[in-house]
Amino acid sequence: MSRWEPNARERLAQAALDLYAERGFEQTTVAEIAKRAGLTERTFFRHFADKREVLFAGGSELQELMVQGVLASPDDAAPIDSVAAGLVAGGETLQERRAFALKRAGVIAASAELQERELIKLASLATALADALRRRGVAEPTASLTAQAGIAVFHVAFARWVEEANEAGLPDVIRDSLDELRAVTAGTR
């Protein structure tokens, strides 16, 4: 193997995801991932701290994108509309990587360890969204309640997008799910 391989990170991520889907997360080793990608274990660890990080590596970028969506919403936007702007921004990015996102969701659904990690990431995202709302001047408990409601909407929308093999794009499913929440809280459903 050569000392430098182009697209090593992407190749490792794809090899890992394929192996996780074929064999299961727990049954797949870093050595197998590296071999499938045509790279070394050392190269794997240059790009990822452990085999879980292949699935969660983009989380901070997605979180930052969502926070920026909240912060960039119009000054007169209601808190839930600001959160919606952040969720839709994140949904657009995931939509661009639909095949990876769908396969990743299947791998996570098959592993209790990964489900727990996903919930921790969602809790971190809720905290970041609440912080963004507070930076916009939204007081407590409104900021935290709105962020938590937004994460619930995102979680439900993502599950609908994955499970229903939804033809609609994730941003549209997020908007539809937010409309459902509004209807429920208005007492019209």
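Miscellaneous remarks
- Filtering the stretch 1-52 to residues that are charged (D, E, K, R) and not in a helix (DSSP H, G or I) leaves Arg3, Glu5, Glu26, Asp50, Lys51, Arg52.
- Within the stretch 77-107, restricting attention to residues that are among the aliphatic types (A, V, I, L, M) and part of a loop (DSSP other than H, G, I, E, B), the residue that is nearest to Glu180 (Cα to Cα) is Ala78.
- Evaluation of Ala109 against (1) in contact (Cβ under 8 Å) with a residue 12 or more places away in the chain; (2) under 23 Å from Ala159 (Cα atoms) (one fails), failing number: (1)
- Total residues in the stretch 159-189 satisfying the condition of being of a type in the set (A, V, I, L, M, F, W, C) and out of contact with any Leu (no Cβ under 7 Å at 6 or more places or on another chain): the figure is 9.
Per-residue answers, yes or no, for (1) surrounded by fewer than 20 Cβ atoms within 10 Å (Cβ to Cβ); (2) touching a residue at least 24 places away in the same chain (Cβ under 8 Å); (3) closer than 27 Å to Gln95 by Cα:
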| site | (1), (2), (3) |
| --- | --- |
| Ile33 | no, no, yes |
| Gly38 | yes, yes, no |
| Leu55 | no, yes, yes |
| Gly59 | yes, yes, yes |
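- Restricting attention to the stretch 138-172, the residues that are at pLDDT below 95 and among the aromatic types (Phe, Trp, Tyr) total 2.
- With respect to being free of Cβ contacts under 8 Å to residues at least 40 places away in the same chain, acidic (Asp, Glu) and part of a helix (DSSP H, G or I), Glu167 falls outside the description.
The values are calculated or read from the model by the stated rules, or taken from the named source; none is laboratory data. Since this is a predicted model, take the numbers as computed values, not measurements. Counting neighbours? That spans all protein chains shown, and the Cβs are built from the backbone with ideal geometry, glycine included.
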